[in-house]
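Down below is the structure, laid out as structure tokens.
The values are calculated or read from the model by the stated rules, or taken from the named source; none is laboratory data. Keep in mind that this is a model prediction, so the values were computed, not measured. Cβ: placed from backbone, ideal geometry, glycine included. Neighbour counts: every protein chain shown.
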Amino acid sequence: MVLNKTRSQIGDGKNTLFWHDLWLGDSPLKTKFPKLFRLCLHPSGTVFSFGFWNGRKWEWSFHWAREFRPHDITEWNNLLTLIDRVNFNPEIPDSFIWTPHKSGVFSVKSFSFEMAKSLSNIHIASFKGLWKGLIPHRIELFSWFAILGKLNTKAKLIHLRIIPPVEGQCALCGCNMETSNHLFIQCPISRSLWCWWLNIWGLQWVFPSDLRDVFIQWLPPHKGAFFKKIWLASFSIIIWTIWKERNLRIFQQKSETIHQLQNLVLLRMCWWIKGWGDPFPYNPNEVLRNPTCLQWGSSKKTPGLSITPYTIADWAPPAENALKWNVDASYHPSSRKSAIGGVLRDSKGNFICVFSSPIPCMEINPAEIYAIHRAIQVSLNCSNTIGNRTISVESDSANAVKWCNEKSGGPWNVHFIINFIRNNAAAHNIEISHKSRASNMVADCLAKQGLNREDDFIAWM
Ligand SMILES: [Zn+2]
């Protein structure tokens, strides 16, 4: 569904699938040229993989399963006419445009509208709480897919004959078939997570057997606007945490304890609360120690609490007509992985863009420079969205910031990147500054997520 509505804008052609993605004309090339698609020897190649640069001229190059017959020639000529018009830009990566909105920028609102159009049998009003922007939109999408039973659970993969029936056990308990309802509701590990959350609020619940009903009946036990948001977000955060744990066990043969899963739920909540713009006074450590402080702002008094609101330098919004990046890098020596993450916010704290990407393995200082570089690169590539707003970049690496702001110096292996930063920061009046780690939680989290990613993730909100 998302893929049907996104169009790729060709840059270097390396992220766009030639036959499957929508990038030329109004339908994917495999639908427009079905005969050629069946003949092509590399049906899942990227646009870039079907040609090469001959000096400054791009030459297309295809390999076919057999020689063309007369009726193939017409299709081939039509395809050639179409692709001959393509203008590559080898300097920038391909970007994706969300077609239902005229700006091309993905918005959850237009997404849910499209969803509503395509799923007439679902009562959309019951699910509007999902689309409040309380959590990153990809997790809103994830929740929506989970509720619709559209996630690729093992039961589904068996049904599609992708894995054999003997491999269908739940990765968490190892006992039952991994259906969506088992994984998210009935599995003892998942159930203990739900019960822990309900216990915090003194609740017990007879769980419905279907995730859709769990969501519909997921009503906050206390009044209060802030707590209502906490409650809505908690549904998605809990199922997301279950899904992440399931993937960790399947794909990395690692696992977290129940206590760690509980902490992850609270930490994710803390990270995403930051984006809501409420003056919530507690830091993540305080929330971990006493989760009931999430009742902040509701009339119900928090029992037995002696928590002082925190005073560490928190994230400060940019000026009215400005946008601010917070970027961070992560380096995991034992797995030899590095990654970067960043979040772009406006003066109201709204998320404008986030990225989370693996990078070649390198130490933390050069990696921090990569993070600053990516933020600037993304800003320059999407100048339409940014308009005339000024850009600043905050990093929690004093070294990286110092090198970017000086005329020389810095690790030799990233010199070309530092030079790119220096030149473009000067040319576009981009300020790069150092801030403490406490104000950089979101970027920190995105960088850590990047360690587990195979490819770049970038999303405009
Ligand atoms: Zn299970």
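Consider residue 192 carefully, then state whether it is within 16 Å of the ligand (Cβ to nearest atom), part of a loop (DSSP other than H, G, I, E, B) and surrounded by fewer than 16 Cβ atoms within 10 Å (Cβ to Cβ).
In short, no.
When region 317-350 is examined, which residues are found to be assigned to a strand (DSSP E or B), within 21 Å of the chain's Cα centre (by Cα) and over 28 Å from residue 252 (Cβ atoms)?
Here is the first cut: in region 317-350, the residues assigned to a strand (DSSP E or B) are 322-332, 337-345.
Imposing the further condition that a residue be within 21 Å of the chain's Cα centre (by Cα) reduces the set to 323-332, 337-345.
Across region 317-350, the qualifying residues are 323, 324, 325, 344, 345.
Among residues that are touching a helix residue (DSSP H, G or I) at 6+ places or on another chain (Cβ under 6 Å), surrounded by 15 or more Cβ atoms within 10 Å (Cβ to Cβ), in the same structural domain as residue 150 (by TED's automatic domain parsing) and not basic (Lys, Arg), residue 184 is included. If you go through region 160-186 and keep only what is out of contact with any Leu (no Cβ under 8 Å at 6 or more places or on another chain), assigned to a helix (DSSP H, G or I) and within 8 Å of the ligand (Cβ to nearest atom), you end up with 182, 186.
Within region 236-254, identify whether any single residue is small (Gly, Ala, Ser), out of contact with any Gly (no Cβ under 8 Å at 6 or more places or on another chain) and not in a loop (DSSP other than H, G, I, E, B), and answer yes or no.
Going through region 236-254, the residues small (Gly, Ala, Ser) turn out to be 236.
With the extra rule that they be out of contact with any Gly (no Cβ under 8 Å at 6 or more places or on another chain), the set shrinks to 236.
From the residues that got through so far, the ones that are not in a loop (DSSP other than H, G, I, E, B) too are 236.
The answer is yes; a qualifying residue exists.
Condition first: among the polar types (S, T, N, Q), out of contact with any strand residue (DSSP E or B) (no Cβ under 7 Å at 6 or more places or on another chain) and not assigned by TED's automatic domain parsing to the domain that holds residue 253. Can you find one or more residues in region 420-430 that meet it? Yes, that holds for at least one residue.
Contact annotation: residue pairs with Cβ atoms under 6 Å, 6 or more positions apart or on different chains, pairing a residue in region 218-233 that is assigned by TED's automatic domain parsing to the domain that holds residue 208 with a partner that is among the basic types (Lys, Arg), are 220/228; 222/300.
Evaluated against (1) at pLDDT below 80; (2) touching a helix residue (DSSP H, G or I) at 6+ places or on another chain (Cβ under 8 Å), residue 55 falls short on exactly one condition, (2).
Determine, yes or no, whether residue 247 is at pLDDT 90 or above, in contact with an Asp or Glu (Cβ under 7 Å, 6 or more places away or on another chain) and among the polar types (S, T, N, Q). Here the answer is no, as residue 247 does not meet what is asked. For beta carbons closer than 8 Å, sequence separation of 6+ or different chains, a first residue in region 198-210 that is over 13 Å from residue 234 (Cβ atoms) and a second that is acidic (Asp, Glu) and assigned to a helix (DSSP H, G or I), there are no qualifying pairs.
Inside region 403-461, residues that are more than 13 Å from the chain's Cα centre (by Cα) and of a type in the set (D, E, K, R) make up a count of 7. Collect the residues in region 49-60 that are polar (S, T, N, Q) and either surrounded by 10 or more Cβ atoms within 10 Å (Cβ to Cβ) or on the phi > 0 side of the Ramachandran plot (or both), keeping them in residue-number order. Scanning region 49-60 gives a single hit, 49.
Examine region 24-45 for a residue that is under 32 Å from the mean Cα position of the chain (by Cα) and in contact (Cβ under 8 Å) with a residue 60 or more places away in the chain, and state whether such a residue exists. Yes, region 24-45 contains at least one residue that is under 32 Å from the mean Cα position of the chain (by Cα) and in contact (Cβ under 8 Å) with a residue 60 or more places away in the chain. Among the residues of region 372-401, those identified as out of contact with any Asp or Glu (no Cβ under 7 Å at 6 or more places or on another chain) and in a loop (DSSP other than H, G, I, E, B) are 382, 387, 388, 389.
Right, residue 202: more than 7 Å from the ligand (Cβ to nearest atom) and in contact with a Pro (Cβ under 9 Å, 6 or more places away or on another chain) or not? Please lay out each step first, then the result.
Values: more than 7 Å from the ligand (Cβ to nearest atom): yes; in contact with a Pro (Cβ under 9 Å, 6 or more places away or on another chain): yes.
For residue 202, the condition - more than 7 Å from the ligand (Cβ to nearest atom) and in contact with a Pro (Cβ under 9 Å, 6 or more places away or on another chain) - is met.
Scanning region 389-418 for residues that are crowded, with 20+ Cβ neighbours inside 10 Å, touching a helix residue (DSSP H, G or I) at 6+ places or on another chain (Cβ under 6 Å) and closer than 18 Å to residue 436 by Cβ yields 393, 395, 396, 397, 400, 404. Only residues that are of a type outside the set (Phe, Trp, Tyr) and under 23 Å from residue 346 (Cβ atoms) were counted across region 252-282, and they come to 10.
Checking every residue in region 381-394 against the condition of being in contact (Cβ under 8 Å) with a residue 40 or more places away in the chain and among the acidic types (Asp, Glu) gives at least one match.
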